[in-house]
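Just below is one structure, and these are the notes that go with it.
The values are calculated or read from the model by the stated rules, or taken from the named source; none is laboratory data. For clarity, every value in this text was computed on a predicted model and none was experimentally measured. Cβ placement follows ideal geometry from the backbone for every residue including glycine, while neighbour counts extend to all protein chains displayed.
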Amino acid sequence: MEIKVVRKVLSVNERMAEQNRRLFFEKGVYVINIMSSPGSGKTALLEKTLSRIAADIPTAVIVGDICTTNDADRLALSGVPVLQINTDAFGGECHLAAHVIEKAVDELNLSGIRLLFIENVGNLVCPAEFDLGEDRRVVVMSTTEGEDKPLKYPLMFRTCHAAVINKSDLLPYLDYDLQQAKTNILTVHPEMPIFTVSAKTGEGMEAWLDWIKNRVREKSSGVK
Ligand SMILES: Nc1nc2c(ncn2[C@@H]2O[C@H](COP(=O)(O)OP(=O)(O)O)[C@@H](O)[C@H]2O)c(=O)[nH]1
Ligand SMILES: [Mg+2]
């Protein structure tokens with residue numbers, strides 16, 4: 001019985017996600033859903049990314065948390081339109097769902113916007129199960145979390161199109177084995193692009209920014 005209920009929720013979500021995808025396509029907006037455990041640096045990565053990309057590509061952000069507007073306040077300093085969703089109002093859910101994004105898009109003026117980042121609720125489990133209608137999913141893991149997370153949370157790493165290993169500036173102080181972390185990611189998802197960055201110092205950001213720019217360009221020119 002429980003399985004049936006879960007399946008029903010997911011199929012409703014899939015329908016809503018398809019509607020979102022159509023809407024984003026019609027508006028010409030490229031959507032990247034960023035997921036990770038709490039604290040790995042999604043907001044910091046977005047702050048750095050927006051400061052480097054928003055002048056060239058009109059960008060907006062939807063950010064999900066259970067409570068507070070802390071992340072929206074941080075991201076709004078970049079000057080791009082930011083909308084905070086508190087899932088507290090939706091039962092305190094540990095992930096964003098397609099119907100929540102649909103409401104957010106209603107409130108956020110997407111006209112002229114080419115790139116929309118969605119910062120998901122910090123969690124390596126549930127967000128992986130909910131398609132939001134995005135073009136690409138990115139998982140951020142940080143050097144302070146240990147190398148084994150791809151093996152422990154394989155669905156997240158399997159369903160993402162790229163992985164960012166953040167906090168590279170801390171590598172000299174940790175026992176973190178960067179090569180092992182990459183091997184673990186590729187074991188779960190062979191050939192997934194991996195970007196090693198420091199959102200704090202900006203190290204490694206170039207390749208990450210190029211990947212985003214190329215994806216947006218491909219969409220504008222109709223390449224999938
Ligand atoms: N040293 C270091 N700290 C970072 C880096 N990125 C984020 N942080 C810190 O990690 C904490 C969590 O970052 P935040 O962006 O809020 O993570 P989120 O919960 O995934 O959005 C904050 O104290 C950040 O300053 C990084 O590249 N290096
Ligand atoms: Mg955050």
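Could you tell me which numbered condition I85 fails, if it satisfies all but one of (1) among the aliphatic types (A, V, I, L, M); (2) at pLDDT below 95; (3) more than 16 Å from ligand 1 (Cβ to nearest atom)? With respect to (1) among the aliphatic types (A, V, I, L, M); (2) at pLDDT below 95; (3) more than 16 Å from ligand 1 (Cβ to nearest atom), I85 is out only on (3).
Identify, from the list L110, L46, the residue that is surrounded by 17 or more Cβ atoms within 10 Å (Cβ to Cβ) and under 21 Å from N166 (Cα atoms). Write out each step before concluding.
On the way: L110 fails: under 21 Å from N166 (Cα atoms).
The match here is L46.
In region 30-50, the residues that are closer than 15 Å to E203 by Cβ and modelled with pLDDT under 95 never reach a residue that is near ligand 2 (Cβ under 9 Å from one of its atoms) and of a type outside the set (S, T, Y) with C-beta atoms less than 9 angstrom apart, at least six apart or across chains. Candidates in region 113-148 are the residues that are touching a Phe, Trp or Tyr at 6+ places or on another chain (Cβ under 8 Å) and under 12 Å from K27 (Cβ atoms); of these, the one that is surrounded by the fewest Cβ atoms within 10 Å (Cβ to Cβ) is R114.
Just one residue in the set V61, V100, V139, V121 is within 19 Å of L23 (Cβ to Cβ) and within 16 Å of ligand 2 (Cβ to nearest atom); that residue is V61. Suppose the filter is modelled with pLDDT under 95, within 16 Å of L132 (Cβ to Cβ) and among the polar types (S, T, N, Q); does T69 pass it? The answer is no for T69. In the set A72, A76, only one residue is within 14 Å of ligand 2 (Cβ to nearest atom) and more than 16 Å from the chain's Cα centre (by Cα); that residue is A76. One residue stands out in region 16-43 among those that are hydrophobic (A, V, I, L, M, F, W, C) and away from ligand 2 (no atom under 16 Å from the Cβ): the one that is surrounded by the most Cβ atoms within 10 Å (Cβ to Cβ), namely V31.
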